[in-house]
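Note sheet for the following structure.
Computed from the coordinates by the stated procedures, all read-outs in this text should not be read as laboratory data. Quick caveat, the model's predicted, so the values are computed rather than measured. Here the Cβ positions follow ideal geometry from the backbone for every residue, glycine too, while neighbour counts run over all protein chains shown.
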Amino acid sequence: MQTENELLVFASSMTGAFEGAMQNLFSPGERIIVATNGAFGQRWVEMGQAFGLDVLEVASPWGSDLDCDRVAAAVNADPAITAAICVHCETSTGVVNNVQEFAAAAGADVLTMIDSASGLGACELRTDAWGLDVVIGGGQKALMIPPGLAFASISPRAWQRHCDAKLPRYYFDWDHALDALKSDIPRTPWTPAISLLVQLDAALRMLLAEGLEAAWHRHIVLGRVARAGIQGIGLDLLTQPRDENSPVTTARVPLGIDADYLVRQLYERYSVQIVAGSGHLTDKIIRIGHCGYVDALDVIATIAALELTLDELGVLPRPGAGVAAAVAALAMARGSAAVPPVPASSLA
Ligand SMILES: *Cc1c(COP(=O)(O)O)cnc(C)c1O
């Protein structure tokens, strides 16, 4: 997380650690902002409301960027706002939000809380340099381990807020967690997920051997390869084709094709797992996850499986164009060949 802040580990999914952070930071009725542009942002709105917080949602369309200007305006207009929350990589759409710009927009007096579930380990994340007070991450996305571990990094001023926060808490109480961590033999207050911690240790060694910045770059290349493949096939991307959107690539499914059917075919026929959308995008998009233990060949194989399936459905105008574009993008990224990308065309 690139931080000197306290870092606590919880035996839970990331939603659990996020819930714990809300309990540890806020009091009933407290006014907070959640900037949203997808399903996970929406989840934090609902969670805040479930805990009786006064949540101001600053919503942007799914697939587009957060509206940081509106966040800044809302904070300036209302001094009662104490915290601002957003998602780093919005996994439901593939958009990676500029959390540095978000933190700047929230201003110096507002606590920032970031969901970096699928960002941590995949995307550039500089907790201290960007002034992110609380960052929540977990093990099962780019950190490559099975689900069940989540992390919270907590700045000194977030810790001060925590001392005054009045929401009830117990399992996720940061005081219990810190006391246990600072004991003679560092431990967790309750039974830890030992097998996962052993796996995390191995995964972090792999990540550090690769180099964190090299891993960030690998994900950028995977994003380029995936987008080139999608556009080569002739599908439309949901998001801007930019390097930042590196953990997940999303594409609109062709008219008349059912996203769920496509996803099931890829899995049943080619053992390739992708997913459909969520919320109102459920049957409109497919999402290809390429964060964590993934290399370019995995992405190229996914593009090939997608082409074969679309061909069987009779909606692939130029078989092989997706794979060709993906391989060309990889060659270009490696600097080993000056292969021009295949021009994008649209499926009717
Ligand atoms: C996966 C994910 C989560 C959390 O999930 P859990 O299932 O609770 O671990 C939260 N936010 C984002 C952006 C995610 O991608």
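Things worth noting here:
- Segment Leu313-Arg242, length gained on full extension (0.36 nm per residue, minus Cα span): 22.6 nm
- Compared with the direct C-alpha span, the chain from Asp109 to Asp258 gains 48.9 nm at full extension, assuming 0.36 nm per residue.
- Computed lengthening from Arg126 to Gln273, 0.36 nm per intervening residue step minus Cα-Cα distance: 49.8 nm
- Cα gyration tensor category, rounded, prolate or oblate, for the range 57-168 with a/c compared to 1.5: oblate
- Using the Karplus relation 6.51 cos²θ - 1.76 cosθ + 1.60 with θ = phi - 60°, the per-residue 3J(HN,Hα) values for the range 274-285 come to 10, 9, 7, x, 9, x, 6, 9, 3, 9, 9, 9 Hz, with x marking Gly and Pro.
- Among residues other than Gln273 with Cβ under 15 Å from its Cβ, the summed charge is +1 (Lys and Arg +1, Asp and Glu -1).
- Once the mean of 1/r is taken over each pair of separate Cα atoms and inverted, the range 181-248 shows a Kirkwood hydrodynamic radius of 15.2 Å.
- Bridges between two residues of the chain, per DSSP, are antiparallel at a rate of about 55%.
- Rg/Rh for the chain, where both radii come from Cα atoms and Rh is the Kirkwood radius: 1.00
- Residues whose amide H falls under 5 Å from that of Val58, counting only those 5 or more places apart or on a different chain, are Val34, Ala35, Thr36, with hydrogens built in the peptide plane.
- Neighbour net charge for Gly38 - beta-carbon separation under 12 angstrom, K R +1, D E -1: -1
- The magnitude of the dipole of the range 191-348, with charges of +1 and -1 set on the Cβ of Lys/Arg and Asp/Glu and taken from the Cα centre, is near 240 debye.
- Taking the charge dipole of the chain about its Cα centre, with +1 at Lys and Arg Cβ atoms and -1 at Asp and Glu Cβ atoms, the residue from Leu56, Ala259, Phe102 reaching farthest to the positive side is Ala259.
- Relative contact order (percent, whole number), the range 105-178, Cα cutoff 8 Å, 6+ residue spacing: 24
- 11 Å beta-carbon shell around Val96, net charge (K/R +1, D/E -1): -4
- Calculated SAXS-style log₁₀ I(q)/I(0) at q = 0.13, 0.15, 0.16, 0.17 Å⁻¹ - the range 1-66, Debye, Cα scatterers: -0.43, -0.57, -0.64, -0.71
- Computed helical MRE - 222 nm, the chain, DSSP H runs ≥ 4 contributing -39500 (n - 2.57), nearest 500: -13000 deg cm²/dmol
- For the range 190-310, averaging the sequence separation of C-alpha pairs within contact (under 8 Å, six or more residues apart) and dividing by the residue count gives a relative contact order of 24 percent.
- Point-to-point label distance, Leu297-Ile194, nm (Cα→Cβ direction, 7 Å offset): 3.7
- In percent, rounded to a whole number, the relative contact order of the chain is 18, using alpha-carbon pairs under 8 Å and six or more apart.
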